[in-house]
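Notes follow once the structure below has been shown.
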Amino acid sequence: MRKLLLTPCMVCFVLLSGCNQRANTYFEKKLTFPDILLTSDQKVKLSAYVVPTNNQYEWQRMELAAFIHFGINTFTGREWGDGTEDPALFNPTDFDAEQWVSTLQGSGFKMLILTAKHHDGFCLWPTQTTSHSIASSPWRNGSGDVVKEVKEACDRYNMKFGIYLSPWDKNAKSYGDSPRYNALFAQQLAELLTNYGDIHEVWFDGAYDEGHNGKVQKYDWPRFYQIIDSLQPNAVKAIMGNDIRWVGNEDGLGRETEWSATPLQPDISDTHINENLRLDISPTAEDLGSRRLIAEAQSIHWYPSEVDVSIRPGWFYHPEEDEKVKTLSQLVDIYFHSVGMNSVLLLNIPPDKRGKLHETDRQRLRQLGNYISQTFDNEMLTNGNMEWKARAGAIREFNVIPGETINTVMLQEDIRKGQRVEEFAVEGWVDDEWIELASGSTVGYKRLLRFDDVTVPKIRVIISGTRDIANISKIGAYHAPHLD
Ligand code: FUL
């Protein structure tokens with residue numbers, strides 16, 4: 001993929017050329033509009049040429065990632081520790097990283113992200129930066145390393161590994177004394193990114209409060225990003241990182257209209273914050289990519305959404321929530337609202353005090369994995385795998401295997417050529433006429449839509465609105481089993 005700086009001359013080329021796809025004129029991750037007068041339509045068209053980096057593209061293709069919240073809170077029963085917990089409390093009786101990873105891998109998950117340190121500051125690896133770690137716990141006589149055991153299990157199961165490292169640290173005395181704490185945090189990052197092989201995602205939580213000294217910690221984000229980029233060039237930086245965006249809620253709900261190319265600034269500095277304020281946008285905004293917004297914007301970023309949600313009410317394990325594990329039907333809805341809405345699903349499954357996933361959670365994961373493969377392994381269209389360069393108004397028919405009943409469709413764009421579909425509809429041939437089955441706005445990497453069972457010989461897809469010629473890479477139709 002070529003990375004280009006946008007010059008006024010190139011703008012003219014992209015806007016005037018009738019054969020843009022051949023020109024390969026893409027803007028990897030970021031496009032800054034040049035200082036010339038562009039109409040709103042021209043800016044919208046240019047935004048259709050913003051594409052993911054290779055890391056972002058590989059990340060999107062995973063679709064399913066698992067969050068593992070495990071730490072001192074597992075043993076205190078709290079969701080947020082206060083940093084004064086005695087490390088002696090950490091003592092899993094039957095720690096089994098292999099059980100976590102084999103269950104996840106067998107259920108279709110492609111990556112595991114572990115809370116190496118949560119807000120309480122307790123470190124799950126024997127860090128040199130503080131004694132508030134498992135090295136001070138009785139587990140494995142103080143010589144254990146959760147990060148290492150989990151990473152090794154991931155390697156055995158060909159699963160990617162990511163770390164959650166909370167910037168907010170209620171234990172560190174230096175927290176709030178910005179340069180000192182930034183140095184400590186940088187060292188923790190470097191330890192994690194140096195000693196455990198490949199890391200594919202670094203997750204910086206946005207939660208924070210003032211330090212012991214009453215001062216607000218000023219994080220050195222550029223320094224942290226630079227450490228990640230240099231030590232783990234294949235890792236994406238999420239949430240308070242500038243590659244992957246928080247979807248904006250913790251309920252497992254993506255947006256009906258989800259633009260990965262957005263004016264939202266992924267970097268964090270006063271200038272970037274002010275630009276987001278000027279546009280009145282944040283990760284929680286409903287609109288992050290409309291034409292109206294682009295018309296106002298100075299730059300467009302490939303900043304795709306990740307949907308994080310827990311399989312239980314809490315992020316950490318609490319025995320009293322054993323009866324509150326989400327049902328298969330709830331998890332399937334979450335899947336359709338995340339993966340099915342142009343996002344990656346990051347589903348949290350918290351291990352218990354033994355250091356194992358609870359049997360109910362494991363069963364649910366297996367059910368979800370089976371449901372997804374049962375549905376999507378059975379392609380009902382005979383000609384849905386194709387390359388379709390669709391202009392606004394384009395219509396294409398697809399044949400359903402004779403006699404089959406469908407209730408789900410999948411649309412995919414080749415996002416390496418930008419996200420472009422703005423409006424589409426799917427119709428079925430019912431009693432000699434076309435009847436609308438489903439319709440939507442954005443597609444992006446993947447869009448899934450459900451409707452009532454229908455037995456039809458063919459469907460047709462109408463791409464009614466685009467930002468430029470859309471590169472549709474797949475149309476699928478399926479029958480998703482009914483759940484209560
Ligand atoms: C939030 C945290 O405060 C929760 O404890 C949890 O880690 C969640 C994923 O992010 O901001």
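No lab work stands behind these numbers, since they all come straight from the coordinates. Just so it is clear, the model here is predicted, and its values are computed rather than measured. Neighbour counts run over all protein chains shown; Cβ positions are idealised from the backbone, glycine included.
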So how much slack lies between residue 458 and residue 431, counting 0.36 nm per residue of separation and subtracting their Cα-Cα distance, in nm? 8.6 nm
Please order 376, 185, 122 by the number of other Cβ within 10 Å, starting at the fewest. 376, 185, 122
Vicinal HN-Hα couplings computed from phi for the stretch 371-386 (Karplus, 6.51 cos²θ - 1.76 cosθ + 1.60; Hz; Gly/Pro x): 4, 5, 6, 4, 6, 8, 7, 9, 5, 9, 9, 8, 9, x, 8, 7
Work out from phi, with θ = phi - 60° and the Karplus expression 6.51 cos²θ - 1.76 cosθ + 1.60, the ³J(HN,Hα) of each residue of the stretch 415-424, listed in order in whole Hz, and give x for Gly and Pro. 5, 5, 10, x, 9, 9, 5, 10, 7, 8
Let's test the formula: R0 of 41 Å, r as the Cβ-Cβ distance of residue 187 and residue 282. What FRET efficiency results, to the nearest 0.05? 0.85
Too long at a 23 Å Cα-Cα cut-off: which of 237/474; 237/356; 148/446; 160/324; 215/353; 117/356? 237/474; 237/356; 148/446; 160/324; 215/353
Quick one: Cα centre-to-centre distance for the stretch 410-484 and the stretch 70-144, in angstrom? 43 Å
How high is the relative contact order of the stretch 57-376, in percent, counting Cα pairs under 8 Å that sit 6 or more residues apart? 22 percent
Using alpha-carbon positions, the gyration tensor of the chain gives root eigenvalues a ≥ b ≥ c; with a/c under 1.5 called rounded, otherwise prolate if a/b exceeds b/c, else oblate, the class is oblate
With the crude spin-label approximation of a point 7 Å out along Cα→Cβ, what separation in nm comes out for residue 376 versus residue 391? 3.3 nm
Would you tally the net charge around residue 446, using a Cβ to Cβ cut-off of less than 9 Å, leaving residue 446 out, and scoring K and R as +1, D and E as -1? 0
Taking the Cβ of residue 106 as the center, what net charge do the other residues with Cβ under 14 Å away carry, scoring Lys and Arg +1 and Asp and Glu -1? +3
Quick note, the stretch 388-478: a/c under 1.5 would make it rounded; otherwise a/b > b/c is prolate and the rest oblate (a ≥ b ≥ c, C-alpha gyration tensor); here it is prolate
Pairing the Cα long axis of helix 270-279 with the longest principal axis of the chain, what angle in degrees results, from 0 to 90 and rounded to the nearest 10? 40 degrees
For a quick check: sort 101, 421 by the number of other beta carbons within 10 angstrom, fewest at the front. 421, 101
Around residue 162 (Cβ within 14 Å, Cβ-to-Cβ, excluding residue 162; K/R +1, D/E -1) the net charge comes to -3
Which whole-Hz couplings ³J(HN,Hα) result when phi for each residue of the stretch 63-74 is put into the Karplus expression 6.51 cos²θ - 1.76 cosθ + 1.60, θ = phi - 60°, listed in order with x for Gly and Pro? 6, 10, 10, 10, 9, 10, 8, 8, x, 5, 4, 4
Give the angle, between 0 and 90 degrees and rounded to the nearest 10, that separates the Cα long axis of helix 221-231 from the longest principal axis of the Cα atoms of the chain. 90 degrees
Computed lengthening from residue 416 to residue 58, 0.36 nm per intervening residue step minus Cα-Cα distance: 127.8 nm
Classify the stretch 230-284 as rounded, prolate or oblate, taking a ≥ b ≥ c as the square roots of the eigenvalues of its Cα gyration tensor: rounded when a/c is under 1.5, otherwise prolate if a/b is larger than b/c and oblate if not. oblate
Give me the angle, in degrees from 0 to 90, between the Cα long axis of helix 328-338 and the longest principal axis of the Cα atoms of the chain, rounded to the nearest 10. 70 degrees
In debye to the nearest 20, the charge dipole size for the stretch 388-478, taken about the Cα centre with +1 at each Lys and Arg Cβ and -1 at each Asp and Glu Cβ, equals 700 debye
